[in-house]
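For reference, the structure is listed below as structure tokens.
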Amino acid sequence: MKMISDFTHVLSACAVAAMLAGCGGGSGGPLSPPPAGPSTALRVTTAEQTRPSHRYHVLYSFKGGSEDGEYPEAGLINVKGTLYGTTYEGGANGDGTVFKITTSGTETVLHNFPTGSRDGYFPYAGLLDIKGTLYSTTYTGGENYFGTVFSITTSGAETVLYSFKGAPGDGLFPYAGLLNAKGTLYGATYEGGANYDGTVFSITTSGAETVLYSFKGGSGDGE
């Protein structure tokens, strides 16, 4: 081990010497610029020093517990200048929230999961805006505890549109969010379906769901 350590020190010393004086017999003193101009290292340092200061700052720190959400897994969406998102846990019941936040950092919890026996909980996914109504999924909860598709207004009125029934006739555990194609919503479930390996589904904004495909798994298909 000592030999390795000594060898590492030799390499490190050589690397330093190479930067300062050209390891291997270069001429000139340490940090002498080449004839063509200042060294690359000096140019980079000068550029870093003159770069404008970054404008990053924290808008809001979640408090967690019963008063606020915690663990925002998904991103945010912009609806008329206000940002909306979900937290996977936290809130009044510990089962996740939907929240809004202004661009100046004022946050409001719009919905606490679950508020009733049919409500979903643990919303991993972000929100989808369709004409001012927001749509998403919860990973579990609902009538069968296999997850839900829900809608929520920007003022916080939430509705469970669909509760997944589970395999083999339906999917379960919709981990990801939804996308909108000409007014119909599409998504995927992590498990369930005819082969218990997950599904792709469609659902209307009024809650009529259809399994479009059941993954087969194995070497021929995804799962």
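Only protein heavy atoms count here; under a 1.4 Å probe, ASP95 has an accessible surface of about 30 Å².
Across all Cα atoms of the stretch 85-223, the radius of gyration (one decimal) and Dmax (whole number) stand at 15.0, 50 Å. Here HIS111 sits with roughly 20 square angstrom of accessible surface, probe radius 1.4 Å.
Among the trypsin sites (Lys or Arg not before Pro) in the stretch 66-128, those located in a DSSP loop and surrounded by at most 12 other Cβ atoms within 10 Å of their own Cβ are LYS80.
Annotation: per residue accessible area for the stretch 80-120 equals 41 Å², rounded to a whole number [probe 1.4 Å, protein chains only]. A protection proxy built from the mean count of other Cβ atoms within 10 Å ranks the segments 125-131, 169-175, most packed first, as 169-175, 125-131. Solvent-accessible area of the stretch 98-223 (1.4 angstrom probe, protein heavy atoms only): carbon and sulfur portion equals 51 percent.
When nucleic acids and ligands are ignored and a 1.4 Å probe is applied, TYR71 ends up with an accessible area of around 130 Å². Ordering THR87, THR106 by accessible surface, largest first, gives THR106, THR87; the 1.4 Å probe counts only protein heavy atoms, with every chain in place. The residues of the stretch 131-182 have, on average, 43 Å² of accessible surface per residue, using a 1.4 Å probe with all protein chains present.
The values are calculated or read from the model by the stated rules, or taken from the named source; none is laboratory data. Model, not experiment: these values are computed from the prediction. Positions of Cβ are generated from backbone atoms using ideal geometry, with glycine treated the same way; all protein chains shown enter the neighbour counts. For accessibility, only protein heavy atoms count, side chains too; no ligands or nucleic acids. Shrake-Rupley method; radii C 1.70, N 1.55, O 1.52, S 1.80 Å.
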